[in-house]
Amino acid sequence: MLVDRHAVGGAVKHRGFPWLASGVVIAGILMVSLGKVLNANHLLLPPCIFRSLTGLPCATCGLTRCGLALAQGDWRMAFHWHPLAVLLILCTPILTAWDLRRAWRGEPFPDLPDSLALRLVTAGLFFGAWALQVARGI
């Protein structure tokens, strides 16, 4: 844990660790590395269990192919495979910057918002992405 030697009111201020930013960087490195290995070796991945049982794509169907397309830098195909994932990935620089700022200032993670409207919008986005996947037969 980093310690700020500039005492505020006689107390030493401890800085938090940027967990979110670290996770984004590690996930990005793993995604690109795994994508390059899978693309280079033409490895097949196991099929979706939900789709095997129901014949319908699950809400996350297309994420692996989206990640593989992103590993090759093909944003258009990534958006084709899973539009919501690409939109979330485009938000990661903002979240990473926020987390680094939060950790530098020593601020705790905020509580999750207790908003029914926010929950309904989030659920609507996920169900909308799933309905799109079902309609397109991905």
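The loop-placed chymotrypsin sites (Phe, Trp or Tyr not before Pro) in the stretch 38-125, going by DSSP, include none that has at most 13 neighbouring Cβ atoms within 10 Å of its Cβ. With contributions of -39500 (n - 2.57) from each DSSP H run of at least four residues, the per-residue ellipticity at 222 nm computed over the chain stands at -21000 deg cm²/dmol.
How far, in degrees from 0 to 90, does helix 83-105 lean away from the longest principal axis of the Cα atoms of the chain, to the nearest 10? Once rounded, one gets 10 degrees. Among 27, 69, 117, which one shows the highest mean-square fluctuation when the chain is modelled as a Gaussian network with alpha-carbon springs under 10 Å? Looking only at 27, 69, 117, the biggest GNM fluctuation is shown by 117.
Here, each number is a calculation from the coordinates, and none is a lab measurement. This is a predicted model, so every value here is computed, not measured. So basically every Cβ, Gly included, is an ideal-geometry build from the backbone, and we count neighbours across all protein chains shown.
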